2 protein chains.
Amino acid sequence: MKKFSVVIAGGGSTFTPGIVMMLLDNKDRFPLRSLRLYDNDAERQGVLGEALAILLKEQAPDVEFLYTTDPEVAFTDTDFCMAHIRVGKYAMREQDEKIPLKHGVIGQETCGPGGLAYGMRSISGMMEIIDHMERYSPNCWMLNYSNPAAIVAEACRVLRPNSKVLNICDMPVGTLRRMSQIIGKQPKELDVRYFGLNHFGWWTSVKDKEGNEYIDQIRDYVAENGYLTQVEVDTQHMDESWQATHKKAKDLLEVDNRFLPNTYLKYYLFPDEEVAHSNADYTRANEVMAGREKTVFDAARKIVANGTAENSDFHIDSHASFIVDLARAIAFNTHERMVMIVENNGAIANFPDDAMVEVPCIVGSDGPEPLAQGRIPAFHQTLMYQQVMVEKMTVEAFIEGSYQKMWQALTLSKTVPSAKVAKELLDDLIEVNGDFWPELK
Amino acid sequence: MKKFSVVIAGGGSTFTPGIVMMLLDNKDRFPLRSLRLYDNDAERQGVLGEALAILLKEQAPDVEFLYTTDPEVAFTDTDFCMAHIRVGKYAMREQDEKIPLKHGVIGQETCGPGGLAYGMRSISGMMEIIDHMERYSPNCWMLNYSNPAAIVAEACRVLRPNSKVLNICDMPVGTLRRMSQIIGKQPKELDVRYFGLNHFGWWTSVKDKEGNEYIDQIRDYVAENGYLTQVEVDTQHMDESWQATHKKAKDLLEVDNRFLPNTYLKYYLFPDEEVAHSNADYTRANEVMAGREKTVFDAARKIVANGTAENSDFHIDSHASFIVDLARAIAFNTHERMVMIVENNGAIANFPDDAMVEVPCIVGSDGPEPLAQGRIPAFHQTLMYQQVMVEKMTVEAFIEGSYQKMWQALTLSKTVPSAKVAKELLDDLIEVNGDFWPELK
């Protein structure tokens, strides 16, 4: 079988070790010849890189491994770029969460003003990596799961329309896993129909390979329990805030019980409750910094200190194996069915052609072929339209450096109560984001 | 010149005397042969009817006058039906205003949950009057300025698509009068371009008959003063709450300074400020009941007591003469240019064809021909889309008797912070509206 050269952009991410281990675990179906980490923060990446070098040497000595801040080294002779960058790191995520909360507005990584702020920070970084990739490996595909995926995907559509960028999110994968547990199946046994934007969508069908429909059964369960299952296997999604999120799907279903909702919709439909339950002094970013970030970097330092990765505290991120499915689909033309973020072009019939939507696609060597989802109801369509226009105007504000447009984008957001609050938010966000944002005039 | 038979539906309205006097004042350009009042509240209409009978006998003995609760009497041999009904009267308007405020939401006659509640009350009444009109005078035109005009117009589009109903609002007329004062012109000297929904739009051009553009001059003035002019001639619009409304246009212009905003946009863009300045114990309905309603009915009783309308306290509503312009346009094919509420069908290029929009039209014997306004910017289009879908779903909820759809309509509204608040509002509105609303299941 052909062997592949992979670069992970955002090598210093807390997710990198788990994904590297997942790649090694999947070597039989996705053979590696080279694995590289790329980041613009040498020190942070260095900690993980040094540990992973030890791990690779022990567990996969046949795979060439290196970590670098030099794009030429990183991106030369590369087949796939896996991108999970976080411009501004958790320190800025903390601001994304806390500044809105200060104004009584949802403070969240990807939803609401925090997501828009994060989007404004991410666009330049993403374009830079795409440009590196195209310069040094013109045939390379980017498997992009960087947040905020909706804005990043729209920016790619507008600024790099011809680039080989595949935008995908793990949320539909994660929720499908929960659904499969609810009905006693494996995710791989199920095919879904789904429409939405990233972090903003609904499942309309969940069938097994024989064509049996399970959506009613799942809906009955979610109406009682949300997506909280008895088989809570995913450690990341097990902590209290994630449990509450999965439970909340019950309330989302009440607002419209035709389809199964993406849990992120709670930020748009129940922002008041979410704000009331938030602690503006200690947000998810603080949890992650004190939790996963510390654990992962401590584990890396321990490996380096011990000189071995045996009995390490790195944990395999086996749920990220959808990335391997995606790479395989491209590499081997598998025609895997996957929910991806693509330009609409009619996939959702009553939605703008030029919107980046999340729908099931058949993925082959040329990329995704979206499966048409037909017309969607007015309620869902209107919520999605409002949100997609916020995302589009944010990207336009970035490109034009327009204060007015960014103010208007915030004003349009379902999460922001008024133009007055939008302006106060914007002024605060400009201040803390400094040079991470383009200058807005 | 031909003489016309006119019926006023909502004869018991506080606006009726002023409009009757306006009609008499315009008799030279719109001759009357018959004037009738129609209402389903005999007692209320009777007070005004008795007084107006005296007034007509003195001032226009040649005009047949009567007031009735019998549709056959009212609508037989009628050329124009002027409709300004208010289902539930001011007592229910008070509820429309106070219930949302109780939940921290805009409490207003036509905007936000109050407007939707009023819409749900009004549809049956409007359809009933249209049916009377068509039954007894199939060639009659309805000149409809009943609020909430957006929802009433959408209901007419869906339920009576072929009826001769002309939907028009006095707000664009009133604001144009202010603009004309700002630039030292008369309203009749000016032609506007405008796009929006009812109580939700923007002027894009204000030209004189020679084609000179005044929008920049007006914008500079509004950026300083809002629409508050030195020539405050309109008594209804002179009280404190209206002054604040006209001033507020200054802030609306700041959010987007390309076009001149309709003042009602403040309820959607600055709802938090509006709620903060509202008194939930004494709203506009209370002002009107203690003010205009008392004044008008006292004046009527005085006329009856005196047996003469000489030196009466009825005031002519000369600003309502746009209704005569509209009737004349139909009657005499004048091709008057008027801002009306019509089915879009491309008049706003990037807006749904089946939306009821407010745009300038050329009005002739067959009704309005909308003037195409082209494409509108994303910010305005998205705000309008959200709002028009709220209005459409309200009409659908009415037709289907759907609790779920009404909950969703409220949830979609820019004025409502969450699905939770939407549900609480809906349950309260259902309770106070009782039989005024269809049963929602």
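So if I average 1/r over every pair of distinct C-alpha atoms in chain A and take the inverse, what Kirkwood radius in Å does that give? Could the numbers behind the result be given before it?
On the way: mean 1/r = 0.0451 Å⁻¹.
The answer is 22.2 Å.
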- request: Scan chain A and hand back the longest stretch that contains none of the GluC sites (Glu not before Pro) lying in DSSP loops with at most 16 other Cβ atoms within 10 Å.
  value: A:1-209
- line: Partner shielding of A:382-391, as the mean number of partner chain Cβ atoms within 10 Å, equals 4
field: Across the identical copies, how the B:N162 labels are spaced - nm, sorted shortest first, 7 Å along Cα→Cβ
entry: 5.5
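Got a sec? What order do B:K248, B:K294 fall in by accessible area at 1.4 Å, biggest, i.e. largest, first? Please report the intermediate quantities before stating the final value.
Numbers: B:K248 25, B:K294 110 Å².
Descending accessible area places them as B:K294, B:K248.
Any idea what % of Cα-Cα pairs in the range A:345-441 are farther than 19 Å? Present the calculation step by step, with values, prior to reporting the outcome.
Details: 2448 of 4656 pairs.
Here the tail beyond 19 Å accounts for 53 percent of pairs.
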field: Partner aspartates and glutamates for A:K207 [C-alpha distance under 12 Å; skip if fewer than 8 residues away on the same chain]
entry: A:E189, A:D191, A:D216
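Over the range A:11-99, what portion of Cα pair distances is larger than 21 Å, expressed as a whole percent? If you can, show how the numbers build up before the last one.
Numbers: 1256 of 3916 pairs.
Percentage above 21 Å: 32.
Taking R0 as 56 Å, what's the FRET efficiency between B:M1 and B:K441 from their Cβ-Cβ distance, rounded to 0.05?
0.55
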Accessible surface of the protein assembly as shown, 1.4 Å probe, proportion on carbon and sulfur as whole %: 47 percent
- request: Using the 7 Å Cα-to-Cβ label point, sort the distances from B:K27 to its equivalents in the other copies shortest first and give them in nm to one decimal.
  value: 10.2
message: Given the DSSP H assignment, sum -39500 (n - 2.57) over each helix run of at least 4 residues in the protein assembly as shown and divide by its residue total; what's the result at 222 nm in deg cm²/dmol, nearest 500?
response: -15000 deg cm²/dmol
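Per residue and in Å³, how big is the convex hull formed by the alpha-carbon atoms of the range B:64-156? Mind showing how you got there, number by number?
On the way: hull volume 8.3 nm³, N = 93.
Dividing the Cα hull volume of the range B:64-156 by its residues yields 89 Å³.
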query: B:D298 label points, 7 Å along Cα→Cβ, one per copy: pairwise distances from this copy to the rest in nm, shortest first?
result: 7.8
- request: Please report how far the C-alpha centroid of the range B:161-222 lies from that of the range A:55-120, rounded to the nearest whole angstrom.
  value: 51 Å
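State whether the range B:210-312 is rounded, prolate or oblate according to the following rule on the C-alpha gyration tensor (a ≥ b ≥ c being the square roots of its eigenvalues): a/c under 1.5 gives rounded; otherwise a/b larger than b/c gives prolate, and the remaining case gives oblate. Mind showing how you got there, number by number?
Numbers: a/c = 3.93, a/b = 1.67, b/c = 2.36.
Taking the square roots of the gyration eigenvalues as a ≥ b ≥ c, the range B:210-312 is oblate.
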task: Would you kindly state how much longer the chain becomes between B:E210 and B:Y282 on full extension, computed as 0.36 nm times their sequence separation minus their alpha carbon distance, in nm to one decimal?
output: 21.2 nm
statement: Per the C-alpha gyration tensor (a ≥ b ≥ c, the square roots of its eigenvalues), the range B:243-381 is rounded if a/c is under 1.5, else prolate if a/b beats b/c, else oblate; here it's oblate
Within straight-line cross-link reach of B:K27, lysines at Cα separation under 28 Å, skipping those fewer than 8 residues along the same chain: B:K2, B:K3, B:K57, B:K164, B:K185, B:K188, B:K209, B:K302
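Compute the relative contact order of chain B as a whole-number percentage, counting only Cα pairs closer than 8 Å that sit 6 or more residues apart in sequence.
Details: 809 pairs, mean separation 79.9, N = 441.
So the answer I get is 18 percent.
In square angstrom and rounded to 100, what buried accessible area do you get between chains A and B, total over both, with the probe at 1.4 Å? Mind dumping the intermediate values first?
On the way: alone 17680 and 17680 Å², together 32650 Å².
Result for this pair: about 2700 Å² buried.
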query: For chain A, modelled as a Gaussian network with Cα springs under 10 Å, which listed residue fluctuates most, A:Y214, A:Y227, A:Y67?
result: A:Y214
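Could you give the length gained by full extension between B:D131 and B:K27, i.e. 0.36 nm per residue of separation minus their alpha carbon distance, to one decimal place?
Working: separation 104, 0.36 × 104 = 37.44 nm, distance 2.80 nm.
Computed gain between B:D131 and B:K27 is 34.6 nm.
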message: Just checking the output field for B:408-420: average partner chain Cβ neighbours within 10 Å of each residue's Cβ?
response: 6
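Grab the alpha carbons of the protein assembly as shown, take their convex hull, and tell me the volume per residue in Å³. If you can, show how the numbers build up before the last one.
Numbers: hull volume 142.8 nm³, N = 882.
Cα convex hull per residue, to the nearest whole number: 162 Å³.
Just checking the output field for A:264-275: average partner chain Cβ neighbours within 10 Å of each residue's Cβ?
Working: counts 0, 1, 2, 0, 3, 5, 6, 4, 6, 4, 1, 2.
Mean number of neighbouring Cβ atoms from other chains: 3.
The values are calculated or read from the model by the stated rules, or taken from the named source; none is laboratory data. The structure presented is a predicted model; accordingly, all values stated were derived computationally and were not measured. All Cβ positions, glycine included, derive from the backbone under ideal geometry; neighbour counts span all protein chains shown. Calculation scope for accessible area: heavy atoms of the full protein, side chains included, ligands and nucleic acids excluded. Shrake-Rupley method; radii C 1.70, N 1.55, O 1.52, S 1.80 Å.
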